[in-house]
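Report on one structure; see the data block that follows.
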Amino acid sequence: MAPSVESGLDVLAGERFRRLRGRRLGLLSHPASIDRELRHALPLLREAGADLRVLFGPEHGFSGVAQDMQPVAGERRGAVPTVSLYGATEETLAPAREVLADIEVLLVDLQDVGSRYYTFAASARYCLRACRDAGVRLIVLDRPNPLGGVVMEGPCLRPEMRSFVGAFAVPVRHGLTIGELLRLAAQEERCEDALEVVPMRGWRRRMWFDETGLPWVLPSPNMPTLDTAVVYPGACLFEATNLSEGRGTTRPFELIGAPWLDGERLAESMNAHALPGVRYRPVEFSPAFHKHAGAICRGVQVHVTDRSAFEPFLAGLFLLAQARRQLPEKFAWRERPYEFVADRPAMDLLCGSERERLAIERGADLSALAVEWRGECHEFARRRRECLLYPEDEP
């Protein structure tokens, strides 16, 4: 029988929302803000008689229907306004002080996927800063890191690369829950008094999401399954290129390709590297929307054979380098602004430094870079300990 983990929402509902009684509330949530019975936080709060004054939606919107980097407008749900925290300008990423003036508590219930560039934790951090300045308490309902809380991989973010896809100085795969990320942010922002985390019950750091007994609801339109989350730390890098990362298909981030690639050659070259826990199969696909919509893309499907051995960030870099090597004259880095940033390459924002992009451009040994990341992850593992809500030394 699968373990029965209780999310922060389950814990709060089990208390009949007592700690929220008599307080004016805001709620930041999305479709994955559900309890064990698939009931969303909003109707649960309404049934409990909560005094909800305003709703907030992160990237993709409160309803989760908008695509990536698509500005979302505000709306109304009955008498309660919904404020978008992902509009057309960078200023919309944090709630305005006048919006917070009518609430005492901002309740945050967001399902993260364990990768630094997934933007929901960034939205929560921006809200924490705004709440501190407005005298509002921020309560985070914790949820599992789908990839577990032990393994870390990839480079740590350098300060000059802070952005909406780099809001935390952590490795790409950080091994923290959203509550732990916010505890880290509260320390850095010196606003621990503004933050409260409702921890989960029964979660262990070694658990993958499908070992928790909790239902998976896609937290964003292109994160349909846990399999997607497993490859995402590496496959998201293709957002910084002119290759398709599989958006517009039924296998986003598992399908990588472009019209000019030779999928057979790409799969052969990748399998020759014998990277742990993964195999590559040549494919053709046609995205219904997004990059190369309607065109036949040739490339590979990423097949994870052992998720515990798989190193998604390293594998993603290897795949990107091999794809570029095939036809360098066709390959291009994204030049348009990326997540409101125009003065730094998207690849550098995602990796957290220019080191990885420059290494690919000069054909350097990427395995040597991995040695550097492991050192950074080791140092981060020491630094993160005081922010952990769940013990590391479990069997």
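The requirement of being under 27 Å from Leu261 (Cα atoms) and outside the structural domain of Gly154 (by TED's automatic domain parsing) is fulfilled somewhere in region 370-379, by at least one residue.
Exposed (fewer than 15 other Cβ atoms within 10 Å of the Cβ), within 19 Å of Leu366 (Cβ to Cβ), modelled with pLDDT of 95 or more and not charged (D, E, K, R): which single residue out of Pro328, Pro312, Pro345 fits that description? So the residue among Pro328, Pro312, Pro345 that is exposed (fewer than 15 other Cβ atoms within 10 Å of the Cβ), within 19 Å of Leu366 (Cβ to Cβ), modelled with pLDDT of 95 or more and not charged (D, E, K, R) is Pro328. Can you spot a residue in region 152-164 that is under 17 Å from Ser7 (Cα atoms), of a type outside the set (A, V, I, L, M, F, W, C) and modelled with pLDDT of 95 or more? No: region 152-164 contains no residue that is under 17 Å from Ser7 (Cα atoms), of a type outside the set (A, V, I, L, M, F, W, C) and modelled with pLDDT of 95 or more. Among the conditions (1) in contact with a Gly (Cβ under 9 Å, 6 or more places away or on another chain); (2) modelled with pLDDT under 90, the only one that Leu52 does not satisfy is (2).
The set of residues in region 38-59 that are outside any loop (DSSP other than H, G, I, E, B) and aliphatic (A, V, I, L, M) comprises Ala41, Leu42, Leu44, Leu45, Leu52, Val54, Leu55. Condition (residue is within 30 Å of Arg325 (Cβ to Cβ), of a type outside the set (Gly, Ala, Ser) and part of a helix (DSSP H, G or I)) applied to region 252-264: is it met by at least one residue? Yes, the conditions are met somewhere in region 252-264. Look at (1) farther than 21 Å from Val140 by Cβ; (2) in contact (Cβ under 8 Å) with a residue 40 or more places away in the chain and you find that Ser115 fails only one, number (1). Which of the residues spanning region 331-355 are within 23 Å of Ala122 (Cβ to Cβ), touching a Ser or Thr at 6+ places or on another chain (Cβ under 8 Å), part of a loop (DSSP other than H, G, I, E, B) and hydrophobic (A, V, I, L, M, F, W, C)? Phe340, the sole residue that qualifies.
The rows are residues; the columns are (1) part of a strand (DSSP E or B); (2) touching a residue at least 40 places away in the same chain (Cβ under 8 Å); (3) within 29 Å of Arg204 (Cβ to Cβ); (4) polar (S, T, N, Q).
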residue	(1), (2), (3), (4)
Leu9	no, yes, yes, no
Ala13	no, no, yes, no
Leu25	yes, yes, no, no
Pro31	no, yes, yes, no
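Within the option set Leu226, Leu243, Leu255, being modelled with pLDDT of 95 or more, surrounded by fewer than 19 Cβ atoms within 10 Å (Cβ to Cβ) and touching a Phe, Trp or Tyr at 6+ places or on another chain (Cβ under 8 Å) holds for one residue only, Leu226. Scanning region 356-390 for residues that are in contact with a helix residue (DSSP H, G or I) (Cβ under 9 Å, 6 or more places away or on another chain) and assigned to a loop (DSSP other than H, G, I, E, B) gives Gly363, Ala364, Asp365, Arg384, Leu388, Leu389, Tyr390.
Restricted to region 157-214, and to residues there that are charged (D, E, K, R) and part of a strand (DSSP E or B), the residue that is surrounded by the fewest Cβ atoms within 10 Å (Cβ to Cβ) is Arg201. When region 185-204 is filtered for residues that are within 22 Å of Val341 (Cβ to Cβ) and touching a residue at least 40 places away in the same chain (Cβ under 8 Å), the ones remaining, listed by number, are Ala185, Glu189. Only one entry of Arg132, Arg125 meets the criterion of being closer than 22 Å to Arg183 by Cα, touching a Phe, Trp or Tyr at 6+ places or on another chain (Cβ under 9 Å) and basic (Lys, Arg), and that entry is Arg125.
Go through region 60-119 and tell me which strands (runs of 3 or more DSSP E), entirely inside it, have 1 or more residues that are surrounded by fewer than 21 Cβ atoms within 10 Å (Cβ to Cβ) and not β-branched (Val, Ile, Thr). Give the derivation first.
Numbers: elements: 75-77, 80-84, 105-109.
Here the list reads 75-77, 80-84.
Just a yes or no: is a residue in region 347-355 among the polar types (S, T, N, Q) and farther than 22 Å from Ala272 by Cβ? Yes, some residue in region 347-355 is among the polar types (S, T, N, Q) and farther than 22 Å from Ala272 by Cβ. Of the numbered criteria (1) out of contact with any Phe, Trp or Tyr (no Cβ under 6 Å at 6 or more places or on another chain); (2) modelled with pLDDT of 95 or more; (3) among the charged types (D, E, K, R), the one Asp68 fails is (2).
Ala267 fulfils the conditions (1) without any contact (Cβ under 8 Å) to a residue 40 or more places away in the chain; (2) within 22 Å of the chain's Cα centre (by Cα); (3) outside any loop (DSSP other than H, G, I, E, B) except for a single criterion, (2).
The values are calculated or read from the model by the stated rules, or taken from the named source; none is laboratory data. Keep in mind it's a predicted model, so treat the numbers as computed, not measured. Methodologically, a virtual Cβ is constructed for each residue, glycine included, from the backbone with ideal geometry; neighbour enumeration extends over all protein chains shown.
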